[in-house]
Amino acid sequence: RINDLIDAVQYDKGLINRSIFVDRDVYELELERLFANTWLFLGHVSQVAEPGDFITTYMGEDSVIVSRGHDGRVRALLNSCRHRGMRVCRSDEGNTSFFKCPYHAWTYSSAGELEGVPKFRLGYAGVLDKKEWGLREVTRVEEYRGFLFGNWAPEGPSLDEWLGELKTYFDLLFARDPAGVEVVPGAHRWTVDTNWKIAAENFAADMYHVEHSHARPAELGLMQAVPDQGYQISAGMGFIGHAFTRPVSEDVGGEEPLHSYWTLPNIQTEFLAEQRKRIAEEKGAELARLIPLGHGALFPTFAWLDLEQFRLMRVHHPQGPDRTLIHQWCVLDKSLPEDVKDAVRKQYELTFGPAGLLEQDDGENWRECQNGMRGFIGRQLDSNMMLGLGSDRTAAEVVGDDDVPGIAGGIWSEINQRRFYELWKTYMQAASPESISKIPPTRI
Ligand code: FES
Ligand code: FE
C-alpha cells in the first residue's frame, strides 16, 4: 500500500498524491529512507568554535548533540543515554567538559565516551565494558564553507557530491564575504502544524504565493509587486528561486542587484555592491548579480532567504506527518559595520522572525493546507504543480545560459517543486543509499 502511494507521485506531470503529506506509514518510511540516509544540516562551525562548545539539534526526529571535543574535533552524537535512553543534554547550546545524564548519572565526555557510571565496582565490574557504551556517533560529519552536515549512512554520496553544482551558489550565498559569515547567537525555534515538505518546497520554489499571501506587507509598503523577470534553478540537490526587475540585456557590470522588490531600507547596499564588483571580476557578471540570492533550499530540510535587507537560514525538522519544528538563524557577513549588522537583525525580526509579518502569513497557509488535505476524501486528490509545464522559459531565454550552472525555468514555474518531488520519490523508492550515487538532473 505504501509503495502504491509513493508510486502515485507523478512529478513529471505536476501531480503530487496528497497522501504523502498525511499518511503515517509514508512518514515512518521517510524517517528511514530520507532522514537516516541523506545529508542533514547540523550547524555552523562558529557555533562550536571552542573545545567543549556544543549545540543540540535534530536529524529527523532523533535529537543530536553537535560537540567540539577537547581533542578539537567536531562530532555529532545521538542525544540518547545508552542506559535507558534519556536525553543527556537538554540545553540548546553551551560549553561543557562532560554530559551527565539526569536519570542515573551516567557521564559522557564531550567526545561521547562513557566515563562515569555510578556503583560501577559494586554492580558492573567485569560485565560492563565502558568503551562499548559511549554515545552513538553520527556516521559521517562533513563540512562545506564552515557549514556542518551529518549523515547516518556509511555509504552513498559525499557532502561534496551532494551539493554538486549548488556549490557555486552556496559560495555566493555564504562565502561572498572573504572574512566569512557569523551566525547571530540563539536559534529561533517554533512549530507549525504542517507536513515538513509543505514548508520545504515553499522555500525551494514558491514565488507564486508572494503577491497574494503577503498582500498585507505589500499594503504596508514593505514590498512591491514581484517582477515577471526571473528564474528558478535546480543545481545539485538544491534549489534557488530568483526574481529581478531589469532585463538581463542591460549591462550593469555586475555591480547592481537585479533582485529588489522589497522596499525596506537597503542597508547592506554598499557592502553588497563591493562584493558584486569583486565577484564579477573573478567569476563573471552573470553570477555576481545574483547576489542576493533570494529564497532557496537544499534537499531535504535546509533552506535560506537572502535579500538586500537581511539573510536567514533555517531547517524544517519533521515531528510527525502533521508537525514541523523550525530552527532559524539570522546570518551576517562578518565585514559589515556593527551598526549595519544591528539594523539587519532588526529587519530579520520584523519580517521572518517567529512573530514576523511574513512568517505568520506562511505558517497560516501551511497549517491550512494540512487541514485541507487530512480528511479521508481530501487526501485522495492530487496537489497541482503544473505551473510552467505549459509555457516555461528556459535559462537561456531568461538569463543567457553557460555561466549559470544547473537547470533553470522561468520564475512563474513549479519546476523546482517537481524536481523536489523527483528527489523525494527516488529516495523513497531506493533499496539502499548506495544505490543512488548521483541523481542526474532532468528538466521537468
Ligand atoms: Fe541515563 Fe539511566 S537513563 S543514566
Ligand atoms: Fe512566504
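Please treat every number below as a calculation from the coordinates, not as lab data. Given the structure is predicted, the values throughout are model-derived calculations rather than measurements. Quick reminder, even Gly has a Cβ in these numbers, built from the backbone with ideal geometry, and neighbours come from all protein chains shown.
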Along the charge dipole of the chain, pointing to its positive end and built from +1/-1 on Cβ of Lys, Arg, Asp and Glu, which listed residue (ALA179, PRO321, ALA125) has its Cα farthest out? ALA125
Calculate how steeply helix 415-429 sits against the longest principal axis of the alpha-carbon atoms of the chain, using the helix alpha-carbon long axis, and give the answer as 0 to 90 degrees to the nearest 10. 30
When the chain is treated as a GNM, springs tying every alpha-carbon pair under 10 Å, which of GLY372, GLY296, GLY156 comes out with the largest mean-square fluctuation? GLY372
With runs of 4+ DSSP H residues as the only contributors, calculate the mean residue ellipticity of the chain at 222 nm using -39,500 (n - 2.57) per run, divided by the residue total and rounded to the nearest 500. -7500 deg cm²/dmol
Select from MET59, PHE149, GLY410 the residue farthest towards the positive end of the dipole of the chain; place +1 on Cβ of Lys and Arg, -1 on Cβ of Asp and Glu, and compute about the Cα centre. MET59
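Restricting things to alpha carbons, find the Rg to Rh ratio for the chain using the Kirkwood radius for Rh. Provide the component values of the computation, followed by the final result.
Values: Rg = 22.5 Å, Rh = 22.9 Å.
Checking Rg against Rh, the ratio lands at 0.98.
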Please give the helix 357-373 orientation as an angle from the longest Cα principal axis of the chain, in degrees from 0 to 90, rounded to the nearest 10. 80
So for ARG84, ARG176, fewest C-beta neighbours within 10 Å to most, what's the order? ARG84, ARG176
What number of lysine-lysine pairs in the chain show an alpha-carbon separation below 25 angstrom, given a sequence spacing of 8 or more or placement on distinct chains? 21
Return, in residue-number order, each cysteine of the chain whose C-beta is not under 4.7 Å from any other cysteine's C-beta. CYS89, CYS330, CYS369
Against the longest principal axis of the chain, how steep is helix 196-205, in degrees 0 to 90 to the nearest 10, with axes from Cα atoms? 40
Sequence-distant or interchain residues sharing an amide H contact under 5 Å with LEU387, placed H: which? GLU414
Mind jotting down the distance between the C-alpha centroids of segment 267-346 and segment 35-66, whole Å? 20
Listing PHE271, PHE352 from the residue with the fewest other Cβ atoms within 10 Å to the one with the most, what is the order? PHE271, PHE352
Between LYS131 and GLU155, what's the calculated FRET efficiency when r is the beta-carbon distance and R0 is 30 Å? Round to 0.05. 0.75
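When only Cα pairs under 8 Å and 6 or more residues apart are kept, what is the percent relative contact order across the chain?
Once divided by the residue count of the chain, the mean separation gives 21 percent.
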Taking the Cα centre of the chain as origin, sum charge times position over the Cβ atoms of Lys and Arg (+1) and Asp and Glu (-1), and report the length of that vector in debye to the nearest 20. 1740
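What order do you get for SER46, SER91 when you list them from fewest to most C-beta neighbours inside 10 Å?
Working: SER46 15, SER91 11.
Listed from fewest to most nearby Cβ atoms, that is SER91, SER46.
Using square roots of five times the C-alpha gyration tensor eigenvalues, list the equivalent-ellipsoid semi-axes of segment 45-143 in whole Å, biggest first.
So the three semi-axes of segment 45-143 are 24, 13, 12 Å.
For segment 112-192, how big is Rg over Rh, using alpha carbon atoms and the Kirkwood form of Rh?
Numbers: Rg = 20.2 Å, Rh = 17.0 Å.
In segment 112-192, Rg relative to Rh is 1.19.
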Looking at the chain as a GNM with Cα springs under 10 Å, which of GLU28, GLU50, GLU338 has the largest mean-square fluctuation? GLU338
Karplus-derived 3J(HN,Hα), 6.51/-1.76/1.60, for each residue of segment 111-127, Hz, glycine and proline x: 9, x, 6, 6, 10, x, 9, x, 6, 4, 6, 6, x, 10, 4, x, 10
